[in-house]
Amino acid sequence: TQLKRSSILRMALSGSETMNQDEHEESFILRALRIAVVVALYWFVSITMVFLNNYLLDNRELDAPLFITFYQCVVTVALCWLMQLFAKLCPGVVDFPSVRFDVKTSREVLPLSIVFIGMITFNNMCLKYVGVAFYTIGRSLSTVFNVLLSFIILKQTTSFQALICCGIILGGFWLGVDQEGLAGSLSWSGVFFGVLASAFVSLNAIYTKKVMPAVDGSIWKLSFYNNINACVLFLPLILVFGEVGKVASFSGLTNLHFWGMMTLGGVFGFAIGYVTGLQIKFTSPLTHNVSGTAKACAQTVIAVVYNSSSKSLLWWTSNMMVLGGSSAYTWVKSREMQKSTQEFSTQREEKNTLRV
């Protein structure tokens, strides 16, 4: 029996719809797989870097945290030069901006570099004294300092909902310190350095916005100049705090394993900037913050299991308060940004209508 034209047309249309649907499903699966790989890579690099730094800083034979941090900055500068070389040799494969050292640009980045030194130094000192399990609590006040310093320096006010989130974070911080003290494992030095690290993380974010125009908005150029300045500024600090003698008397100074681990720490320190950018690129800033919060939770659990520690319910509650408050703050700020963007678009449309 011959098919009618309408039946043939219907079959053709249904076939094209099926093909489009299959292509859409395939592209969605590939996109989801790409995002999953990027997020997994971010988690792996970030968690490994924290544990690796804790291993290096926990070396009782070498008590030289400034020297360790200095060496990681040297590795970062070397990797920036290497990435530039690869970008010239393989322009289609490696994308890295061409950077030539300029004294004027270095001078403009210097205020940020001073803050950057404080951030990475106090961050490592906190990790040295509190360990990985308490690290999330010890470094949990970055959001609170961000609100406080934004008001003091930038005169930016914060909504009541965001302040409630900060209150939850503060409550989790104090509860965590209290529980760590009851367990007999509290280090006040670690808490002190953690608070300072949180403050410098917030200052680093504020100064980064100010310095970005000097490096044409390139995060890689900023990293290059930041780490070169840090290498120079660390040298007198290492001399003042007497770490030269400690390094010279270290028995493992000729140990290839030691230098391999030190270099690996620098590589992961460089890689965290790259994978962070990848995660933001393939997801969104909000998803990146949520992923970072979930990563911190997983990192804490891994550290507790690895060390075979026994923690109280209130200790875990403090972690949940910090992570929950941080996630809620991120959600509140993203909603506020969306609302302000919509209001700006509406006002712009109204102005265009009035002009017409």
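The values are calculated or read from the model by the stated rules, or taken from the named source; none is laboratory data. Quick caveat: nothing in here was measured; it's all calculated off a predicted structure. Methodologically, a virtual Cβ is constructed for each residue, glycine included, from the backbone with ideal geometry; neighbour enumeration extends over all protein chains shown. Protein only, heavy atoms only, side chains kept; ligands, DNA and RNA dropped before computing areas. Shrake-Rupley method; radii C 1.70, N 1.55, O 1.52, S 1.80 Å.
Taken over the stretch 224-242, the criterion of being in a helix (DSSP H, G or I) and either in contact with a strand residue (DSSP E or B) (Cβ under 8 Å, 6 or more places away or on another chain) or surrounded by fewer than 21 Cβ atoms within 10 Å (Cβ to Cβ) (or both) is satisfied by Ile228, Cys231, Val232, Leu233, Leu235, Pro236, Leu237, Ile238, Leu239, Val240. A Cβ distance below 8 Å, combined with a sequence gap of six or more or placement on separate chains, defines the contacts here; from the stretch 255-274, residues that are touching a residue at least 24 places away in the same chain (Cβ under 8 Å) reach residues that are open to solvent by 70 Å² or more (accessible area, probe 1.4 Å) in the pairs Met261/Tyr55; Gly273/Ile219.
Conditions (1) assigned to a loop (DSSP other than H, G, I, E, B); (2) in contact (Cβ under 8 Å) with a residue 40 or more places away in the chain; (3) closer than 21 Å to Val301 by Cβ, marked per residue:
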residue: Phe44; (1), (2), (3): no, no, yes
residue: Thr48; (1), (2), (3): no, yes, yes
residue: Asn53; (1), (2), (3): no, yes, yes
residue: Glu61; (1), (2), (3): yes, yes, no
residue: Ile68; (1), (2), (3): no, yes, no
residue: Tyr71; (1), (2), (3): no, yes, no
residue: Leu82; (1), (2), (3): no, no, no
residue: Leu85; (1), (2), (3): no, no, no
residue: Arg100; (1), (2), (3): yes, no, no
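Every condition in (1) open to solvent by less than 70 Å² (accessible area, probe 1.4 Å); (2) modelled with pLDDT of 80 or more; (3) part of a helix (DSSP H, G or I) holds for Gly252 except the one numbered (3). A single entry from Gly167, Gly172, Gly184 fulfils the requirement of being surrounded by 18 or more Cβ atoms within 10 Å (Cβ to Cβ) and closer than 24 Å to Ser312 by Cβ: Gly172. Is it true that some residue in the stretch 142-150 is part of a helix (DSSP H, G or I), touching an Asp or Glu at 6+ places or on another chain (Cβ under 8 Å) and either open to solvent by less than 20 Å² (accessible area, probe 1.4 Å) or at negative phi (or both)? No, the stretch 142-150 contains no residue that is part of a helix (DSSP H, G or I), touching an Asp or Glu at 6+ places or on another chain (Cβ under 8 Å) and either open to solvent by less than 20 Å² (accessible area, probe 1.4 Å) or at negative phi (or both). Inclusion of Arg139 among residues that are within 17 Å of the chain's Cα centre (by Cα) and either of a type in the set (Lys, Arg) or open to solvent by 70 Å² or more (accessible area, probe 1.4 Å) (or both) is warranted.
Comparison of Asn53, Asn59 shows that the only residue that is surrounded by 15 or more Cβ atoms within 10 Å (Cβ to Cβ) and at pLDDT below 85 is Asn59.
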